[in-house]
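Peer 1: Questions regarding the structure given below will be posed in turn.
We did not get these values from a lab; they are worked out from the coordinates using the rules stated. If you're wondering where the values come from, they're calculated on a predicted model, not measured in any experiment. Cβ placement follows ideal geometry from the backbone for every residue including glycine, while neighbour counts extend to all protein chains displayed.
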Amino acid sequence: MTLLAGLDLTGRTVLVAGAGPVGVRRARAAVAEGAHVRLVAPDVGAGVDDLGDAVEVHRREVRAADLDDVWFVHACTGVADVDAALAAWAHERRVFCVVASDASRGTARTVAAARVSGLHLGVLTDGPPDPGRAVAVRDRLVAHVAAGGVVVGEVRPGSGGDDVLRAGEVALVGGGPGDPALMTVRARALLAQADVVVTDRLGPTSVLDELADDVAVVHVGKAPGRHTVPQEQIDALLVEHALAGHRVVRLKGGDPFLFGRGGEEVAACRAAGVPVRVVPGVTSAVAAAEAAGIPVTHRGTSARLHVVNGHGALTDVDLAALRAPDVTVVVLMGLAGLPRLTAQALAAGVDPAQPAAVVSRATLPGQRVVRAPLAALAQRAAEAWLGSPSVVVVGDVTAEGLLDRPVA
């Protein structure tokens, strides 16, 4: 039977023999745990140079003396006889050894591990090693914990963990374009720990149904023409709940810092002395187009990307750039003002035949895409009864069949 144990390798020497992909991965993992790595291999690739000063490199064959003062050994040479010799030397010195090519020959195995919610989750198969199965189970466990399927409890002060939300703290969480599966692991982990969730109407709102019954959900989302909760009041809500000792998640669609007023909310929290952090999200400025099969940049077609707030005037941006053939323009929150925005662009000399598209409900059930020349886009979108959330994309990248053609 294999014993699962957490080894503290901080400041201790770990021998890694072999500098192929496996050896480099093992060395990188050991450095991440604070170990000093002795890497021995006759051929050392460029990837080793990225590991920093914590790695002592010897460009030669491994030998028994390399185990001096070593606490742990990774035999990753890929040569059966050399790995077997390493395992034997380690056994004589009572040093645990993992043999990458044949786990049954060593005295230890690597665990399929991950960090989530301030925990190390590890999976190790019983009996003959089966790393593929262990990794698959680990990934399912991580997703389950991150989604709130397991109550992980409070974390003791000083125990660390970026996936831990503490009492009195605010996390501005980017929820992505709408599909909960596109939320980051950290976003799901923090959301599962929240006492209070202050949420927009866009983004992955279906995840709110997964919250525990005692979690307070405060809806502050804005709709076109209806700003029911002023930004100042949203700021005050975050501060009020945090000062009351609650763990607060501000769930926002897309990314908090792209037209999401996340900067204002961070400033309000800091002014009140409230700890605040920001969790990046997948922005719909790229994801919506991508979900529709539109690359916002494409070699030979588009080399620049402009992201525009549809609530403003298109004349506020560089119209000369919009007329250039290698520019993609993405307009967020622009569906309601699309007739006005296209009229402004056409009046400024943008080609009426410029390919364009509207992607509605990107990544969500019912996603729809309307493509049309810019001059006809607003009418086609209205005829299709497209609604929010929608993203407007203008540029040659929206042309039908672009990705079916070889790049010049």
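Peer 1: In the chain, what is the volume of the convex hull around the alpha carbon atoms, normalised per residue and reported in Å³?
Peer 2: 194 Å³
Peer 1: Let a ≥ b ≥ c be the square roots of the eigenvalues of the Cα gyration tensor of region 170-282; is it rounded (a/c under 1.5), or, if not, prolate (a/b larger than b/c) or oblate?
Peer 2: Note, shape of region 170-282 comes out rounded.
Peer 1: Here is a further query. For a label point 7 angstrom out from the Cα of D8 toward its Cβ, which stretches of region 24-60 have the backbone nitrogen within less than 18 Å?
Peer 2: Flagged as within label range: 30-36.
Peer 1: Further question: If Lys and Arg each add +1 and Asp and Glu each add -1, what is the summed charge of the other residues whose beta carbon sits under 13 Å from the beta carbon of V278?
Peer 2: +1
Peer 1: Okay, moving on. Multiply the residue gap between R405 and R261 by 0.36 nm, knock off their C-alpha separation, and tell me the result in nm, one decimal place.
Peer 2: Contour length minus Cα-Cα distance gives 47.9 nm.
Peer 1: Please list, in chain and number order, the residues 5+ apart from A112 or on another chain whose amide H is under 5 Å from its amide H, with Hs placed from the backbone.
Peer 2: When sequence neighbours closer than 5 places are left aside, the close amide H contacts are V123.
Peer 1: Hey, another quick one. Full extension from D43 to E290: what is 0.36 nm times the residue separation minus their Cα-Cα distance, to one decimal in nm?
Peer 2: 84.8 nm
Peer 1: In what sequence do V111, V359, V62 fall when counting other Cβ within 10 Å, fewest first?
Peer 2: Least to most surrounded, the residues fall as V111, V62, V359.
Peer 1: Within 10 Å of each candidate Cβ there may be at most 12 other Cβ atoms; applying that plus a DSSP loop requirement, which trypsin sites (Lys or Arg not before Pro) in region 195-300 survive?
Peer 2: Answer in residue order: R299.
Peer 1: If I require 20 Å or longer along the helix axis, counting alpha carbons, and a Kyte-Doolittle average no lower than -1.0, what helices from the chain are left? Use full DSSP H segments.
Peer 2: 131-146
Peer 1: Show me the GluC sites (Glu not before Pro) within region 239-268 that DSSP assigns to loop and that have at most 11 other Cβ atoms within 10 Å of their Cβ.
Peer 2: Sites meeting the loop and neighbour criteria: none at all.
Peer 1: Another question about this same structure. Which one, Q367, P339, V392, is farthest towards the positive end of the dipole of the chain when Lys and Arg carry +1 and Asp and Glu -1 on their Cβ?
Peer 2: Checked the options; the winner is P339.
Peer 1: While we're looking at this one, here's another question. Points 7 angstrom from Cα along the Cβ direction at A181 and R25: gap in nanometres?
Peer 2: Label-label distance for A181 and R25, simple model: 2.4 nm.
Peer 1: Charges at C-beta only: +1 for Lys and Arg, -1 for Asp and Glu. How large is the resulting dipole of region 13-77 about its Cα centre, in Debye rounded to 20?
Peer 2: 200 debye
Peer 1: How are the Cα pair distances of region 238-310 distributed, in percent, across 5 Å bins from 0?
Peer 2: In order of increasing distance, the bins hold 3, 14, 19, 18, 14, 10, 8, 7, 4, 2, 0 percent.
Peer 1: For E383, what charge total do you get from the other residues with a beta carbon under 14 Å from its beta carbon, if Lys and Arg give +1 and Asp and Glu give -1?
Peer 2: +3
Peer 1: Pull out the extension gain between H58 and A32, defined as 0.36 nm times the separation in residues minus the alpha carbon to alpha carbon distance; nm, one decimal.
Peer 2: Once the chain is fully extended between H58 and A32, it gains 7.3 nm.
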